[in-house]
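Below is one structure, written out as structure tokens; comments come after it.
The values are calculated or read from the model by the stated rules, or taken from the named source; none is laboratory data. Computed from a predicted structure; not experimentally measured. Every residue, glycine as well, gets a Cβ built from its backbone with ideal geometry; the counts of neighbours run over all protein chains shown.
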Amino acid sequence: MKDLLAQLVQGNTLTAEQAVDAFDQIMSGKAQPTQTAALLAMIQQRGATVDELVGAATVMRAKAAKVNVPKGLTAIDTCGTGGDHAGTFNISTASAIVAAGAGRPFDLCVAKHGNKSITSKSGSSQVLETLGVKLKVSTDTLTKCLDQAGICFCFAPAHHPAMKHAGPVRADLGFRTIFNLVGPLTNPAAAPRQVMGVFSPKLTDTIAKVLLQLGSIHAMVVHGQIPDADGQHFDALDELSTSGLNIVSTVRDGEVTTKQLDPTDLNLSLGHPSALRVDSPQASAKVITNILEGKEGAPREIVALNAAAALVVGGIAKTLEDGLAMAFDAIDAGKAKAALDALIELTNQDKS
């Protein structure tokens with residue numbers, strides 16, 4: 001580790017192989033806390049490279065508690081980085097539920113990866129627990145959920161025990177580190193297709209290149225904008241937005257392409273973004289429940305858009321327009337609510 005730190009001090013970056021070495025030492029408990037802190041701080045100060053992210057994610061994936069995907073099913077994920085400070089309800093979690101409902105006739109399932117809230121009012125685990133989903137279940141139950149509900153929730157702390165070595169250091173540092181980007185890259189079900197939201201527009205291309213090297217078949221790395229409370233400026237959103245421009249870096253056919261997406265081109269009724277903001281997991285759960293029960297408005301539109309992206313990367317929708325139609329149908333036909341109800345029932349049957 002000392003040699004690697006000396007290389008960073010000199011202003012050099014790590015190769016993917018060196019990053020594997022460094023992060024294996026960290027996640028195996030071999031690195032001293034001071035060494036871990038120094039490495040994380042130096043990488044964060046200049047920004048992580050593609051190779052460093054690939055190396056860190058490779059180690060974290062290897063040490064994760066895996067979830068088996070039932071034979072014949074294609075798994076996708078909608079996990080984002082968080083850290084956008086937009087204060088919205090759990091859009092990616094709701095879109096995962098809708099995508100699961102839409103995906104049932106097509107052998108598509110959603111292995112939703114997530115954690116507790118760090119910067120937002122409601123983390124994915126907190127809103128799902130509020131809705132009635134049991135978080136701490138066996139991996140066998142998660143596989144059963146994928147098979148019968150079309151969706152499972154992979155609670156990050158249960159799948160990444162090696163992170164216990166870095167956890168105290170991250171808490172003491174108190175600022176964002178490379179691990180904030182690596183988490184969403186390490187789906188326990190090894191989902192080769194995903195929609196990943198990022199907190200900065202500068203990250204979409206970088207993370208897409210990382211996913212390409214990690215073997216993703218089809219992925220979208222997205223960053224959106226949402227008007228602030230005064231409507232004078234835009235806040236960052238680690239989702240696709242229906243009230244501002246989006247940047248989308250797509251991984252497909254071994255290439256990365258980056259484009260802007262204007263939601264007005266999709267004929268969405270945008271609504272007022274204030275309807276997207278919540279102040280607690282309970283409020284977020286209420287918004288999601290309203291969506292699944294067919295309530296019109298901005299929350300329904302933004303969830304359908306993000307679910308549409310998931311259906312595109314999942315391979316069952318050719319375009320976002322097709323995906324939107326499938327997402328709205330999943331909501332209106334009750335298929336999305338049925339997926340959540342099944343997830344709640346199956347996880348609560350687990351005796352873990």
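Answer yes if at least one residue in segment 71-79 is assigned to a helix (DSSP H, G or I) and not β-branched (V, I, T), and no otherwise. Within segment 71-79 (the criterion being assigned to a helix (DSSP H, G or I) and not β-branched (V, I, T)), the answer is no, since none of the residues qualifies.
When A325, A330 are checked against the criterion of being under 28 Å from R252 (Cα atoms), without any contact (Cβ under 8 Å) to a residue 12 or more places away in the chain and either in the same structural domain as S284 (by TED's automatic domain parsing) or over 20 Å from the mean Cα position of the chain (by Cα) (or both), a single residue qualifies: A325.
Okay, residues lined up against (1) within 22 Å of A189 (Cβ to Cβ); (2) in the same structural domain as G183 (by TED's automatic domain parsing); (3) part of a loop (DSSP other than H, G, I, E, B):
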position	(1), (2), (3)
M220	yes, yes, no
D265	no, yes, no
S269	no, yes, yes
Q282	no, yes, no
I291	no, yes, no
K295	no, yes, yes
A304	no, yes, no
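Would you confirm, using the coordinates I've provided, whether V198 is within 13 Å of the chain's Cα centre (by Cα) and surrounded by 20 or more Cβ atoms within 10 Å (Cβ to Cβ)? Judged against the criteria, V198 is a match.
When every residue of segment 52-66 is checked against the conditions, at least one turns out to be more than 20 Å from P161 (Cβ to Cβ) and not β-branched (V, I, T). In the set (1) touching a strand residue (DSSP E or B) at 6+ places or on another chain (Cβ under 9 Å); (2) of a type outside the set (F, W, Y); (3) buried (at least 19 other Cβ atoms within 10 Å of the Cβ), T257 fails one condition alone, (3).
I want to confirm something. Restricting to segment 1-18 and keeping residues that are free of Cβ contacts under 8 Å to residues at least 40 places away in the same chain and within 21 Å of L211 (Cα to Cα), which single residue is surrounded by the fewest Cβ atoms within 10 Å (Cβ to Cβ)?
Here the answer is E17.
If A86 satisfies every condition in (1) assigned by TED's automatic domain parsing to the domain that holds V133; (2) touching a helix residue (DSSP H, G or I) at 6+ places or on another chain (Cβ under 6 Å); (3) not charged (D, E, K, R) but one, which is the exception? If we test A86 against (1) assigned by TED's automatic domain parsing to the domain that holds V133; (2) touching a helix residue (DSSP H, G or I) at 6+ places or on another chain (Cβ under 6 Å); (3) not charged (D, E, K, R), just (2) comes out false. When I217, I226 are checked against the criterion of being touching a Pro at 6+ places or on another chain (Cβ under 6 Å) and either at positive phi or at pLDDT below 95 (or both), I226 stands alone in meeting it. Count, please, the residues in segment 199-253 that happen to be closer than 25 Å to S274 by Cβ, without any contact (Cβ under 8 Å) to a residue 24 or more places away in the chain and of a type in the set (D, E, K, R). Residues that pass the stated criteria total 2. Against the test of being assigned to a helix (DSSP H, G or I) and either at pLDDT 95 or above or surrounded by 19 or more Cβ atoms within 10 Å (Cβ to Cβ) (or both), the options A37, A86, A48 yield a single qualifying residue, A37. Within segment 59-70, the set of residues being touching a residue at least 12 places away in the same chain (Cβ under 8 Å) and either under 30 Å from A149 (Cβ atoms) or part of a loop (DSSP other than H, G, I, E, B) (or both) comprises M60, R61, K63, A64, A65, K66, V67, N68, V69, P70.
Here's the yes/no breakdown for (1) in contact with a Gly (Cβ under 7 Å, 6 or more places away or on another chain); (2) over 28 Å from A41 (Cα atoms):
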{"position": "L185", "(1), (2)": "no, no"}
{"position": "Q194", "(1), (2)": "no, yes"}
{"position": "L203", "(1), (2)": "no, no"}
{"position": "V222", "(1), (2)": "yes, no"}
{"position": "D228", "(1), (2)": "no, yes"}
